[in-house]
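Novice: Attaching a single structure in structure tokens format; questions to follow.
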Amino acid sequence: MARIDEEILNHIRRYGPSTPVDIAQKLGANSIIVTAVLVDAVSQNKLMRSKRKLGSMKYYFYPDQLPVLQKKIADMLTPQDKELLQKLMKENVVGEFEIRPEEATVLSNLEDLVGGFVLDFRGTPLRCWYTPDMHETKAREIAMKKLTVRFGGAVAKAVQETKTQDQKIIEQLAEQKVERVEKTVKPIPVKVERKRGRKRKTVEEKIREVEAAPINDFRNIVYHWLEKNNIDIESEKLLKTGKEVELEVKVPTPLGKQTYMVRILDSGKKPVSQDDVSSIGMVAVSRRTPVIIISMSGFAKNAKKYWEKELSDLVLLVSKDDLD
């Protein structure tokens, strides 16, 4: 594995910003393995990952290759991209509170070319963008004035404290990640009685067992969905009684059966949080294995935004409605 890691990193050093598919095709490697190596390199600050996507894939690059990436992105700008960039250059700072949602999405995808930060206003994160020649402190001051004009003087105090709040949020998230890495989660063993010489249980047998336990109704639905998609279950671990199950499965792909980790989450009506998605994503990175997170109650908005920005290359989110 160390050799393929070196080949992947050398490819980016030689050819510049690349997507996992580009690298996999050039090296004749499995794209899933390539993606896992790249995500791991980003987590170790060896590489950076673009905001912009080529199709569904982001670019990976060394920090000193940012100008190359920017030129590559500039060459593929759409008329809408250019229009919003001109608007930003004219106003210096633009907040998502003053543009349409689809325009905010476009600017988020242009953050390789411009600056961006988040203001936390009354518990609501507000994304803002500023020209690359401006210092972020100045940009925050301009954003504060805009918010004051738009929402009234009462907002000024809250916005003035935003920088401190942002730093606290970053520190809290960092502490949570460290705690999740350091804390060892001991899976609760699932006792399965087997007769001597009997083979591993089939999907049908697992489904029948699940059907016999009312608490596992959602797992029953998941197992049926896996069976319908010809996904084979290799192993099962119960991580949280009645709430979280981890499976190792084999997923059919054009390259043959690929190993995936599946996390089934059933936590009542509460949607899966950003912290949960981040934690599972870290496990996927450490194991270099793609993961499918299947949630009974869906995913929180910030969890979806975090996934799209950081983990969409390695993690697939599936809600109960997607299983129908």
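Novice: Hey, among the residues in the stretch 261-276 that are over 14 Å from the mean Cα position of the chain (by Cα) and open to solvent by less than 50 Å² (accessible area, probe 1.4 Å), which one's farthest from I221 (Cα to Cα)?
Specialist: M261
Novice: Quick one: which of K72, K26 is in contact with a Pro (Cβ under 9 Å, 6 or more places away or on another chain) and either among the basic types (K, R) or more than 22 Å from Y306 (Cα to Cα) (or both)?
Specialist: The match here is K72.
Novice: Shifting gears a bit: Find the residue count for the stretch 291-322, including only residues that are surrounded by fewer than 21 Cβ atoms within 10 Å (Cβ to Cβ), within 8 Å of the chain's Cα centre (by Cα), at pLDDT below 85 and among the charged types (D, E, K, R).
Specialist: Total satisfying the criteria: 3.
Novice: Turning to a different aspect of this structure: Is it the case that some residue within the stretch 51-65 is under 17 Å from the mean Cα position of the chain (by Cα) and hydrophobic (A, V, I, L, M, F, W, C)?
Specialist: Within the stretch 51-65 (the criterion being under 17 Å from the mean Cα position of the chain (by Cα) and hydrophobic (A, V, I, L, M, F, W, C)), the answer is yes, since at least one residue qualifies.
Novice: Let me ask another. Quick check on this structure: which one of V315, V277 is within 16 Å of L239 (Cα to Cα) and among the hydrophobic types (A, V, I, L, M, F, W, C)?
Specialist: V277
Novice: Do the conditions hold for S279, that is, is it touching a helix residue (DSSP H, G or I) at 6+ places or on another chain (Cβ under 6 Å), in contact (Cβ under 8 Å) with a residue 60 or more places away in the chain and open to solvent by less than 50 Å² (accessible area, probe 1.4 Å)?
Specialist: yes
Novice: Do you know which residues across the stretch 78-108 are among the hydrophobic types (A, V, I, L, M, F, W, C) and closer than 19 Å to K309 by Cα?
Specialist: Those that are among the hydrophobic types (A, V, I, L, M, F, W, C) and closer than 19 Å to K309 by Cα: A104, V106, L107.
Novice: Could you name every one of the helices (runs of 4 or more DSSP H) located completely within the stretch 42-129 that has at least 2 residues being open to solvent by 20 Å² or more (accessible area, probe 1.4 Å) and of a type in the set (S, T, N, Q)?
Specialist: In the stretch 42-129, the matching helices (runs of 4 or more DSSP H) lie at 79-91, 101-108.
Novice: Taking V34 as the residue in question, decide whether it is of a type in the set (A, V, I, L, M, F, W, C), surrounded by 15 or more Cβ atoms within 10 Å (Cβ to Cβ), without any contact (Cβ under 8 Å) to a residue 24 or more places away in the chain and not in a strand (DSSP E or B).
Specialist: So V34 fails the test.
Novice: If I filter the stretch 1-31 down to residues being outside any helix (DSSP H, G or I) and open to solvent by 60 Å² or more (accessible area, probe 1.4 Å), which single residue comes out as nearest to T289 (Cα to Cα)?
Specialist: Ranking the candidates gives M1 first.
The values are calculated or read from the model by the stated rules, or taken from the named source; none is laboratory data. From a predicted model like this one, the values you see are computed outputs, not experimental measurements. Neighbour counts are summed over all protein chains in view; Cβ atoms, including those assigned to glycine, are modelled from backbone coordinates with ideal geometry. The accessibility values were calculated without ligands, DNA or RNA, using every heavy atom of the protein model including side chains. Shrake-Rupley method; radii C 1.70, N 1.55, O 1.52, S 1.80 Å.
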